[in-house]
Amino acid sequence: MGLGFFTDEINMICQTYKNFQKGNARVIKRLESQSLPAFIIGSGPSITELLPFIEEHQEKAVIFRP
């Protein structure tokens, strides 16, 4: 079962790369440049170690979570 998830993620990354490689990817709304860092929170064993850092800096960044 775990390999199925891995295969799905690899497929998603490959498709994203192909879309950007074409050079015609669309952006729905372009925002002006910001100097605010962003945390994109995914999943995996390494996230547990980073939770204290993320919590400590959550007021200083935009956080995207699934």
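The values are calculated or read from the model by the stated rules, or taken from the named source; none is laboratory data. Keep in mind that this is a model prediction, so the values were computed, not measured. Cβ atoms come from the backbone with ideal geometry, glycine included; neighbour counts cover every protein chain shown. SASA here: full protein model, heavy atoms, side chains in, ligands and nucleic acids out. Shrake-Rupley method; radii C 1.70, N 1.55, O 1.52, S 1.80 Å.
Distance between the 7 Å Cα→Cβ label points at Glu49 and Arg26: 4.1 nm. With the whole protein complex present, Ile40 retains an accessible surface near 140 Å², based on a 1.4 Å probe.
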